[in-house]
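The values are calculated or read from the model by the stated rules, or taken from the named source; none is laboratory data. Only a predicted model underlies this, so the values are computations on that prediction, with no experimental measurement involved. Every residue, glycine among them, receives a Cβ derived from its backbone with ideal geometry; neighbour counts consider all protein chains shown.
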Amino acid sequence: MKKLIVICFVFILPLLSVAQQRPYYTQYILNNFLINPALAGIENYWDVKTSHRIQWQGVQDAPVTTYLTFHGPLKKQGYASSNPTSMSAPGENPRGRAYWQNYQAPEPHHGVGFTVLNDQTGPLNRFAAYGTYAYHRGIAAQTTLSFGVSAGMTNLTLNTSKLNFGNTVIDPAVGASGLINTIKPDISAGLWLYSNDYFVGLSAQQIVPQNVAFSDNKVYLTQGKLVPHIFLSAGYRLQVSEDLSLLPSALIRYISPLPIGMDINAKLMYQDLIWFGGSYRFKEGYAGMVGFNVNNNINIGYSYDFVTSSLNTVSRGTHEILIGFQLGNKYGDWCPKNLW
């Protein structure tokens, strides 16, 4: 009876059923490092970002995701004492046409990074920590290819005290089990091709499929399985005017045996100060985004998702806030050199 009750409940949990097992990120375009480890060290400073996401506000026990990432080059490149982004002259755009025409691929270099993430949905919590290494090498005058790999651990916790079966009579052993933990290794890898006006990325998370079982010698489950997640992303920068640039992009997700998922995005940047964006997640909903650079060390982004599925009758949408810090930004870049 103990086994049957827990199996029936946990089978519907997103992590252990046939569903996307990694959290969604509306503002991933601001932090592709979350999806692809090959971005570690892509800029000439340490990029630190933290985000908090409340999904489907108004729905009890809906997902809540918080993360902290930081990455940078093992050795900074020796730029000249002055460059097109050394200052932001009033009325001028440091990221105008002249800058991109003179863009050069960075020197070959190594990058490292670290990620800490916590994702909670009802009684199920996922805490993960990863270390990342990447290598960037120019393959043409304005084009670079990088490879990256992340390795770490994931701690899955089932809080049996939060299990709710309505009017079903529950075996006391289930409710008294408390927190049941299982720890799994996790490996991700990716490739990232980038230039002055485009990027293409391919990555895989949870490369090694693994069964998931919770056990405390009273209650156990063997119904779950962690499966690989494949991501293909691409974007192209369009210089609309001297002050405006537009970045349309797309992200395709494949998680067997689910149908292929897709996000279509657009980000409009004014100089290196403020940006607006929109996103459409196929058959799921829309999102609006806005962000600005406080200075050359701090940037902030906010997004709101509107659900078009049946959840919109009970959900007040999804809120996500992101704060970024550019540490060691010696030359005063107000916006990224390689990610726009």
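Give 215, 241 a once-over and let me know the one that is at pLDDT 90 or above and loosely packed, with under 15 Cβ neighbours inside 10 Å.
Working: 215 fails: at pLDDT 90 or above.
Every option except 241 fails the conditions.
Those residues that are part of a loop (DSSP other than H, G, I, E, B) and surrounded by 17 or more Cβ atoms within 10 Å (Cβ to Cβ), I need them from region 244-256; list them, please. Outline the logic, then answer.
Initial filter on region 244-256 (part of a loop (DSSP other than H, G, I, E, B)): 255-256.
Correct list: 255 only.
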Residue within region 108-128 that is in a strand (DSSP E or B), farther than 30 Å from residue 240 by Cβ and of a type in the set (Asp, Glu) present: yes
All positions within region 193-211 that are surrounded by 17 or more Cβ atoms within 10 Å (Cβ to Cβ), more than 15 Å from the chain's Cα centre (by Cα) and not polar (S, T, N, Q): 194, 199
Pairs, first in contact (Cβ under 8 Å) with a residue 24 or more places away in the chain in region 273-292, second among the aliphatic types (A, V, I, L, M) and not in a strand (DSSP E or B), C-beta under 6 Å, six or more apart: none
Conditions (1) modelled with pLDDT of 75 or more; (2) on the phi > 0 side of the Ramachandran plot; number of the one not met by residue 121: (2)
Criterion violated by residue 170 - all others in (1) modelled with pLDDT under 80; (2) surrounded by fewer than 16 Cβ atoms within 10 Å (Cβ to Cβ); (3) over 21 Å from the mean Cα position of the chain (by Cα) satisfied: (2)
Counted residues, region 244-276 - those being at pLDDT 95 or above and small (Gly, Ala, Ser): 3
In region 36-60, the residues that are touching a Phe, Trp or Tyr at 6+ places or on another chain (Cβ under 6 Å) and buried (at least 22 other Cβ atoms within 10 Å of the Cβ): 36, 38, 39, 51
Residues of region 123-155 satisfying the condition of being surrounded by 15 or more Cβ atoms within 10 Å (Cβ to Cβ), farther than 27 Å from residue 201 by Cβ and out of contact with any Pro (no Cβ under 9 Å at 6 or more places or on another chain): 123, 125
Residue within region 47-55 that is modelled with pLDDT under 95, within 18 Å of residue 132 (Cβ to Cβ) and in a loop (DSSP other than H, G, I, E, B) present: no
Residue in region 140-160 that is farther than 17 Å from residue 65 by Cα, in contact with a helix residue (DSSP H, G or I) (Cβ under 9 Å, 6 or more places away or on another chain), in a helix (DSSP H, G or I) and touching a residue at least 40 places away in the same chain (Cβ under 8 Å) present: yes
